[in-house]
Structures are given as structure tokens and as C-alpha cells.
Amino acid sequence: MVLTSLAILVPLLTAVVLAATTSLRRRRAADVVALAAAATVVGLCVALVVRASDKPVVAWLGGWHPRNGVALGIDLYADQLGAGLAAFAGVLAVAGLLVAWHQVDVAGHLFHALVLVVLAGMVGFCLAGDLFTAFVFFELMGVSAYALAGFRVQERAPLEGALNFAVTNSVGSLLLLVGIALLYGRTGALNLAQIGEALAHHRPDALVAVAFALVACGFFVKAAIVPFHFWLADAYAVAPTSICLIFAGALSELGLYGIARVYWTVFSGPLEPHAETVRDVLLVLGLATALIGGAMCAAQRHLKRMVAFATVGHMGILLCGVALLDGAALAGVAVFVVGDGLVKAGMFVAVGGLEHRRGSVDEHELYGRGRDLHALGVLFCVCGLALAAMPPFGPFVGRAMIEDAATHEGLGWVSPVLVVASALIGGAVLRVVRTVFLGRGPKPPRSRVTGASESGDEPIERGRAPLAGVVASVMLVALGLLWGLVPGLIDAVTGAAAHFVDRSAYAAAVLHDTAPRPPGTPGEGLTTAAWLYGAASAALAVVIACMPTVPVGALRDLHSGRVGDYVAWLAAGTALVAGVFALTLP
Amino acid sequence: MSRRVRYALALVALAALGATLVAAVVDLEPFGHYPGPYGDVLAKVVPGERHTGQLVAAVTFDYRGFDTLGEELILFTAACGCVALLRVRRRERGDEAGAPARPVPSLAARALGGALVGPVLVLSAYVVIHGHLTPGGGFSGGVIGAGALLLAYAAGQSVRLHRVGSIELLEVTEAIGAGGFVLVALGGLIAVGATLQNFLPLGTSGMLLSAGTIPIGNVAVGIEVAGAGALIIAEFLEQALLEERE
Amino acid sequence: MSALQATCLIAVAIIGTLVVVTRDPLRQAAVAGIFGLALAVLFLSVQAPDVALSQMTVGAIVVPVLVLLAMAKIREHDE
Amino acid sequence: MSLLAYLVAVWLFLAGIWGVVSSRHLVHLIMCLAVTQSSTYVLLLGIGYRNGGKAPIFGDIPQSTPVVDPVVQALTLTDVVVSATVSALLLALAVQAHKRFGSVDPDELNALRG
């Protein structure tokens, strides 16, 4: 009870205090207080992960315990995966605040307050056991994220990015809300476990199918799944580095967490007989996202936009993992999220460092100008290999677990596609190493790039070596590396995921306070095939790095920067998913 | 994508989406047949357990108080966001003290504004503190309060206490409101061990001082809404005024 | 469903459509104010006085005022 | 007839999205988003309504009176506030957009392409 509530209340209260003292202008004090609050959240969430190893921690706010299976109030539910993701969000917030340490002018303490609110929103969303509460915290992190994305309103690109971000994501949360309303109309409940119980023993009708589609599409927008993804590159490429790493490492991932949580607590009962249809739809979207994100990533020369599209591609790989609707695959997703989030955060910081040293984030302009920046070059190289899922980095272990699970389900053909997606992403970064840091090989052809010179960051105080940035970046990438080497990782996460996907255990723990923890299912070691796929994607990435660029043709034109287009695509995607589910599930 | 293509795509998509949504809503219980059980259970237990007949206030501030906490923070964040986004101009000009000096409004305007502040504030306070007895409460009362604060702001534009401008006061007001609600939540945790638990005596139903923390939550929300609302509007006003003077 | 409710619902649908098709933002702000009021009346008719009050103050007053202020600023620029 | 409330909600949702897609003015777009959001109020309150039910406030009415669902009203209250705050934030961005590059046509805001 204490841990779960404090993990949300501490950052909120700190944010309020910081906002009330903006006029004091004691910048360092704000830095320290915000860091302390974020670190406290990490500590609380880690404690929750430990506590949840016996049985999930269920806290009924206001002391309103359910009566006869009817939830009167709201519960916070912390299992190992949920609390773990919250802790990871806290780690990234700490990293983001550290990176922001050297940036001047952050509008009083509002920047810190907003970062803490995003964090509180993410933690609240991870722990929410109630659908509407999840929506509220989803919206809370959304609203603070829009403000942070547009924090540098003096420039054109951040402002547009924030507008696109805010409009598309608002429509997304409306989809979610309509889905919640439909579920409430059917079950008269908002508690996840209670809705799940109410729906469990009925055949799904059009209402349930459409409600699932709307909830999923609402989360797809946040998770940047094709064709809901257009806003992401616009927003992430222009936000300050310190914000990017939180967004790219945790915010998008929360969208997928939402889908996984809601599917396994609410819909896995009624949709059980149709699991294959659900799997196919999600898998198609995931593969499309992985490939399109990867191709667009490789086609970029604006480095921050490149990392932003890398996020899209990775969200696709993650959705493939979720789509398998299987505990082992979900464990892979969890491992991938952490490993990839750390590496990508390090990558964003490294790009920030390069920009600081050379005043640009445009690959073309930077051609050969990084020859003397050895440390950064090595860092980029390691990031590229890690993003290509080379063994034994964290992202590799996660992807390998997803691939093994896919093979296990007879979907072996998924693995090569994921290899291509990873290789495109890693190859793009390795190409930057070749052009910028080595100055070798063909120049990337001029492509139409706009906003290339703008990256959303404050000019860092000149004369100060960005040592802190490099150190932060090295630390993050090293953590991402070590993550894959943690002994017993696969077993622990597989056990946690097995619990996550057990709907009746969830309902029992929430509604009846009985949670016999299922015996831990030991994870299986990675197969040889997975190692080969890892090596293959690293090799393919090197090949791609030697190519001038990856042709994407008309795909690039679809990313028009116009919010009207984006919302039209959003509507089309929703219509498609809802239509398919409404026709096939009932 | 040309406008034409976009319209075509959107029309087809919306038609299909409309069809699926209609297919979904026909499966709902018909209008006028709320199936329960959530609302019905609450209607049965609230008057006895919380000594108030205002079910909506009981749900908003007690049973589902955590949603309201999140909502307060959304409002707080949006106000912070508006300040951060709109205040750039002042930052750009290096105007440390905040708002620039404005033309002093006429005495009559100030007197009228000042005279109205009192009654409007009283009305706002009335709506807020009766939130657990009658419709209204923190949200509606808070918006009325925002009106009062704006009047005071307009009337007192020339008054400046040291470097603290009226905007900063609004900022502090809204932070007190948002912080107050968080403290109510923490109070439950400290007093009785459950976050947001109603830890005050429940009193007699129908009395002003009853229903425990529900009226306190109402007041916190009222302050928050008044502060945030006035802050947002004042920031927009500032923008309009700034422009006028250039 | 009572006649009042049906009337309110149809009015809300029509005025909501008008908000969308009114392309001039100043006129739209006025229509949006009326839309907010119509919603408030609808909420009263479905026995939701709390929501109606909030909607009246927020939807029918605050948001249109914000739009007007924003437009005041934008229009000046254009002239 | 019993479907009217839900159909109105669906209609508002579609109309609002159409407005967002086809808008040529950011302020107009933001108001269309508010219309979309209002569809959720109608849907929620429609779901919680009960024929002959009274407002869920036991003051002057005895406790045995059937009342409409208070939960959807609490949800809608939250929803109304969320909608207003998002509108305010977007308007602030729109004002800045106009100030910075003199345009409020969302189609002219395409610095971010490809």
C-alpha cells in the first residue's frame, strides 16, 4: 500500500512544490530535488518488484476493498513486470534529469516539474488496476509530454512536432475512452479484473470486439504502430535530448504495456477461442511497423529523426512479441524494452554530444567531420551493433526470446523479418559511423530534409566539455550491454511473464485476495538459431552501412508533417482494425 | 498526400468506422436501462457509509478519488504547460520580473472590478463548500472563483508587491490547490494507513461539516481549478496585451 | 426516452455539426458556446446536474473565452 | 428511439474527426477536437441513464428512489476537465505557431517531412 501510493504521490508532490517555487530561480536546488524525487521513485518501484516476487501487491485506495466481487474503489496492482517497467521509467527519468543538468534556461523549475509529472503518469499507468484510472494517468503523461515536446517553442520544428503529437495522441486517448465506455456499458465495471470476470464466460459480440479494437488503437497511437506512428518522429526528433530518452525509452513502450495488460486481464477470456485472429492482426501490424520503421530509419540523415524512427521499428518488433500472445514471448518483450531503451537513451545522448561538438545533427553536413572524435565514434559504433541486436547485448537477448517463441508457435518465418528490421536500424547508425566518424565511402545522396539544423536542444554553455553527456551515454550503453548478461535474467523474467498472462490468477488476487503463485516456469535457454539470427542481423547491418542509403520511395512522402494526414491515417487504421475484429471475432 | 486523397481516405475510413461503432452500440443495453452493478451498489452504500446523499461527490472525492487526483494534476500540468509555452516572449526579452508594466486601468474600472471580486468570491466559495450536499462543488465553484481572481487581477494590475507579480500569486494558488489534494491523499495514508482513505469524522448527513474529507477535497479542487483557470486565462490575456502594445 | 431528451440530443447533434462546419474561428467560438450550453441542457435532462454545471462553466464560457483571446492575438497579426 | 443517444454520440465522434482532418485553421481544428471529445460525454451519460431515474443526490428524495448511475457522471466530470485542459494547451501552441511563423493553417506547418 505504502510503496505503490508513494511511488505516484512523491513525484506529484515534488512537482507541485517545484512549480510553486518557480520564482525562486535556484536552478541547482531544483535539479537536486527533482533528481532525488525520481531516484526515490526508482527505489520504491524496485522494492515493489522484490515484494511482488511472492505475490502481487494489491492496494485498495481509500480502503475500499471489493465486496462480493464488485470493486467499489480503485486498486493499484503491482506485479513484477508492471513495477519493473515503472522502475525502468524512473531510471530513464533520472538519466534525463542528469542530462538536463548542463542545459541553460529551462523556464524556472517548470521543466523539472513537468518531467516529474510525466514520471508520475507513467508509474500510475503501470500500476493502475482500473481502466479509467489508467486512462487518467495515460492522459496525465500525455499532457505533460506535449508541453515538454514543445518546450523550445522559439523554433518552428519543436512547435509543429508538439502540435502533431498533441492532436494525434488526443484522438488516440479518445478512442481509448470510447472503448472504456463500451466496456462499462456492458459490464457496469471499471476494474480490470472485474470486467475480465464479467466478460469471461460469454461469447464475444460486436461490442466486445469493437471495444477491444478501440482500446488497442488508442494504445497503438502512443506506441507508434503503423499507420498510427506518423507523429512520433516529428515529436521525438525535436524535443530536448533529456526528454527524448524518456519518451523513446519508456513512453512509447507504455502503449504496448497497456495493450498487453488489458488483453490479459480483460479480453483473454472472451477472445480465447479467437486468439489466432487477434494474433494475426497484431502480427501484421507489428511486422509492418518493424519494416517501415527500419526502412525510414535507414533513409534519414537527420540523426535525431533517425533514432526516432529506430524507436518506431523497435515498437514493431515489440508488438510482434506481444502479438504471439504467449508468456515466453512477453518475457522477451520485457527484456528487449529495457535493453533497447538503455541503448537508445545512450544513443540520443551521444547524438546530443555530437551536436554540441559539431553544431549539427545532419549526417550530410557532418561528413568526415567527426574523424577526431574517437570516443563518440566508438560509442556510435557500439550503439549501432547493439541496435542491430548483436549478441550478447540486451536487445539481442530480448529479440532472441521473441524469435524462439515464434518458432515454438510454428511461426518461424517471423524471425528473418525481425532480422531485416534490426539490421536496417543498426545499419543506419553504422552508416553514420562510416560517413561522419571515418569519412569513408559514398556520401549519402542529398535527400530532402527539412528542419535538419534544428534539433530542439538549448545551445549548451560553450566552453564546457560535454563530459557529463559522454559519461551518461557510456553508462547507459554499458548498462544496456550488461543487461543481456545478467545471470538468471531469462528465468526470472519468464516467471514474471507467466504470472502476467494468467487472467484468473490476476482476478483472484485483485477481487478475492488469494494469489497462489504458480510454480516458476524456468525459461528456456536461447536456441542456436537465435544466436545465428543475432549474428546475421549484425552482419547485414554492416552491409547496409556500406550502402549510400536505403531507397524508400513514396514512403517518405507519406510522412508529410501535416496533422490532417496523420489523423486521416489514424482513422483508417482504426476502421481497419475495428472492422476486421467486428467481422471475424463474434 | 494531396487534400483530395486525404479527404477520400478519411471519408472511407470514417464511414467504415461509423458502421463498426454502430454495430457496437446496438449491443449496448438500450438507453434508459443502466445495467449496473457499480452505480447501484454505490447508491445503496454511500449514504450510510459516508453520511452524504451527494453520490457524485462521494464517487469523485472518495470512492474514485484517485481519478480526481490524476485529473487535478492534469489541470495543474496544463497550466504549467501554458505558462511555459506562452511565457517565452518574456524570457526572450530577458524580463526577469515577469509581466511588463501595463497601462493602469481607469479608476472606475478598477473600483468596479474590486467591488465585484467580493461577491463573486463568496458565490464561488458557497458553491464549493456545498459540493457534498448539492450539485456543483469544486469544479463549477472553482471556475467561478477563477472569474473572481481574474477580476482581482484586472483591478490590481498596478499593485505590485516587491517582485511578486499577480501571475506568480496565481501560480502559487494553483500549486496550493493541487498540493492540497495530494496532501489529503497522504493524510489518509498517515492517519489510517490507506491512501485517500476518508480519515475525518463523518458527521451528520446534510450538515455543512459532514462526509469527512469529501468537502476538504472539494475545497482543494476549488482552489486548484480557480488558480489554474485564472492562470491560463491570464497568460492568454498577457499575450493579447503584449501584442497590443507593440 | 422523453421528448425533452430526444429534442436535446437532436439539437446537440445539429449544433455539434455546425461547430465543425463553421470554418471561421470567431463565428465558431460563438457556435461552440451555444454547443456547450446545449450539452449542459442535455446533461440536465439526463439527471446529471453536476456535469451540467461544469459543462456550463467550462464548455460554454471558459473554452470560448480562451478561443476569443487566442483569436484576438492571431487576428491582430493578420492586420 | 432507444438508440438515439448512442447514435448521436457516434455522429459527434465522426463529425469531430472529419473536422480535424479537413481543418484549415488550427483554432478550428482544436474546437473540432473538443466536439469529438463531447461524443464521449453523451455516450457515457447515455449508458448510465435509467428511465425515470432521479439525479443521484439524496437530499430531498428518499433513498429508495431509483437514481441514475453516479459513476458515469464522475467520469464525465473528469472528461470535461481533461478536454478543456487539452484545448487550452493546444491553443497555447496555436498562438505560438502563429506568432513564430505567421500561419495557422495546419497544412502549412510541414517543416517536418520525410
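The values are calculated or read from the model by the stated rules, or taken from the named source; none is laboratory data. Everything numeric here is computed off the predicted structure, so don't read it as measured data. Glycine gets a Cβ as well: all are built from the backbone with ideal geometry, and neighbour counts include every protein chain shown. These accessible areas exclude ligands, DNA and RNA; they are computed on the full protein's heavy atoms, side chains included. Shrake-Rupley method; radii C 1.70, N 1.55, O 1.52, S 1.80 Å.
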task: From the list C:VAL58, C:VAL46, pick out the single residue that is crowded, with 24+ Cβ neighbours inside 10 Å, at pLDDT 90 or above and within 14 Å of chain B (Cβ to nearest Cβ).
output: C:VAL46
field: B:VAL46 vs. criteria hydrophobic (A, V, I, L, M, F, W, C) and at pLDDT below 90
entry: yes
- line: Within region B:56-75, restricting to residues that are at the interface with another protein chain (Cβ under 7 Å from one of its Cβ atoms) and aromatic (Phe, Trp, Tyr), the one that is nearest to A:ALA149 (Cα to Cα) is B:PHE66
statement: Checked B:TYR63, B:TYR38 against criteria (under 22 Å from B:THR204 (Cα atoms) and open to solvent by less than 40 Å² (accessible area, probe 1.4 Å)); the one match is B:TYR63
- request: Please work out if A:LEU366 is within 18 Å of A:MET306 (Cα to Cα), surrounded by fewer than 24 Cβ atoms within 10 Å (Cβ to Cβ) and more than 17 Å from the chain's Cα centre (by Cα).
  value: yes
- prompt: Would it be correct to say that B:GLY131 is surrounded by fewer than 19 Cβ atoms within 10 Å (Cβ to Cβ), at pLDDT below 85 and either in contact with a strand residue (DSSP E or B) (Cβ under 7 Å, 6 or more places away or on another chain) or more than 14 Å from chain A (Cβ to nearest Cβ) (or both)?
  reply: no
message: Restricting to region A:379-425, name every residue that is β-branched (Val, Ile, Thr), closer than 26 Å to A:GLY352 by Cα and open to solvent by less than 20 Å² (accessible area, probe 1.4 Å).
response: A:ILE425
task: Output the number of the condition that A:GLY488 fails; it satisfies all remaining conditions of (1) surrounded by 19 or more Cβ atoms within 10 Å (Cβ to Cβ); (2) over 21 Å from the mean Cα position of the chain (by Cα).
output: (1)
- prompt: Restricting attention to region C:8-23, which residues are away from chain B (no Cβ under 13 Å), in contact with a Leu (Cβ under 9 Å, 6 or more places away or on another chain) and either of a type in the set (S, T, N, Q) or open to solvent by less than 60 Å² (accessible area, probe 1.4 Å) (or both)?
  reply: C:ALA11, C:VAL12, C:ALA13, C:ILE15, C:GLY16, C:THR17
message: Please pick out the residue among D:GLY59, D:GLY46 that is facing chain B (nearest Cβ under 10 Å), more than 23 Å from the chain's Cα centre (by Cα) and either within 29 Å of B:PHE76 (Cα to Cα) or not in a strand (DSSP E or B) (or both).
response: D:GLY59
- request: Identify the single condition in (1) of a type in the set (A, V, I, L, M); (2) farther than 19 Å from D:LEU90 by Cα; (3) at the interface with another protein chain (Cβ under 7 Å from one of its Cβ atoms) that C:VAL67 does not satisfy, given that it satisfies every other one.
  value: (2)
message: Please list, ordered by residue number, the helices (runs of 4 or more DSSP H) wholly in region C:1-75 having 1 or more residues that are closer than 25 Å to B:GLY131 by Cα and aliphatic (A, V, I, L, M).
response: C:25-45, C:49-54
task: For region A:130-161, name all the residues that are closer than 17 Å to A:GLY172 by Cβ and part of a loop (DSSP other than H, G, I, E, B).
output: none
task: Kindly indicate whether any position in region D:72-83 is open to solvent by 10 Å² or more (accessible area, probe 1.4 Å), modelled with pLDDT under 95 and among the acidic types (Asp, Glu).
output: no
- prompt: Could we say that A:PHE111 is surrounded by 24 or more Cβ atoms within 10 Å (Cβ to Cβ) and closer than 22 Å to B:TYR63 by Cα here?
  reply: no
- prompt: Restricting to region D:1-31, what's the tally of residues that are surrounded by fewer than 24 Cβ atoms within 10 Å (Cβ to Cβ) and either among the acidic types (Asp, Glu) or within 15 Å of C:ILE15 (Cβ to Cβ) (or both)?
  reply: 2
message: It is to be established whether one or more residues within region A:218-226 are open to solvent by 10 Å² or more (accessible area, probe 1.4 Å) and either of a type outside the set (Lys, Arg) or over 11 Å from the mean Cα position of the chain (by Cα) (or both).
response: yes
field: Residue check for A:ALA198: within 12 Å of chain B (Cβ to nearest Cβ), touching a Phe, Trp or Tyr at 6+ places or on another chain (Cβ under 7 Å) and under 18 Å from B:GLY36 (Cβ atoms)
entry: no
task: Hey, can you tell me all the residues within region C:24-33 that are surrounded by fewer than 19 Cβ atoms within 10 Å (Cβ to Cβ) and either closer than 16 Å to D:THR36 by Cα or among the acidic types (Asp, Glu) (or both)?
output: C:ASP24
message: Looking only at region A:11-30, how many residues end up being under 27 Å from A:LEU127 (Cβ atoms) and open to solvent by less than 40 Å² (accessible area, probe 1.4 Å)?
response: 9
field: Selection count, region A:177-189, where residues are open to solvent by less than 10 Å² (accessible area, probe 1.4 Å) and free of Cβ contacts under 8 Å to residues at least 60 places away in the same chain
entry: 8
query: C:ALA38: over 22 Å from B:PHE236 (Cα atoms), within 9 Å of chain B (Cβ to nearest Cβ) and either open to solvent by less than 20 Å² (accessible area, probe 1.4 Å) or of a type in the set (Lys, Arg) (or both), yes or no?
result: no
message: Among the residues of region A:143-193, what is the count of those that are under 22 Å from D:GLY46 (Cα atoms) and within 10 Å of chain B (Cβ to nearest Cβ)?
response: 13
task: For residues that are touching a Lys or Arg at 6+ places or on another chain (Cβ under 8 Å) and away from chain B (no Cβ under 14 Å), scanning just region A:41-73, find the one that is surrounded by the most Cβ atoms within 10 Å (Cβ to Cβ).
output: A:LYS55
query: Given the conditions (1) in contact with a Leu (Cβ under 8 Å, 6 or more places away or on another chain); (2) farther than 18 Å from D:SER83 by Cα, and given that C:VAL51 satisfies all but one, which numbered condition is not satisfied?
result: (2)
- request: Quickly run through region A:119-129 and pick out the residues that are more than 9 Å from chain B (Cβ to nearest Cβ) and assigned to a helix (DSSP H, G or I).
  value: A:LEU119, A:MET122, A:VAL123, A:PHE125, A:CYS126, A:LEU127
- prompt: Quick one: is B:THR52 under 31 Å from the mean Cα position of the chain (by Cα), more than 7 Å from every other protein chain (Cβ to nearest Cβ) and polar (S, T, N, Q)?
  reply: yes
task: Return the only residue of A:ARG399, A:ARG369, A:ARG431 being within 21 Å of A:ASP326 (Cα to Cα) and touching a Ser or Thr at 6+ places or on another chain (Cβ under 9 Å).
output: A:ARG399
message: Against the condition within 7 Å of chain B (Cβ to nearest Cβ), in contact with a Phe, Trp or Tyr (Cβ under 7 Å, 6 or more places away or on another chain), open to solvent by less than 10 Å² (accessible area, probe 1.4 Å) and assigned to a helix (DSSP H, G or I), how does D:VAL95 come out, does it pass?
response: no
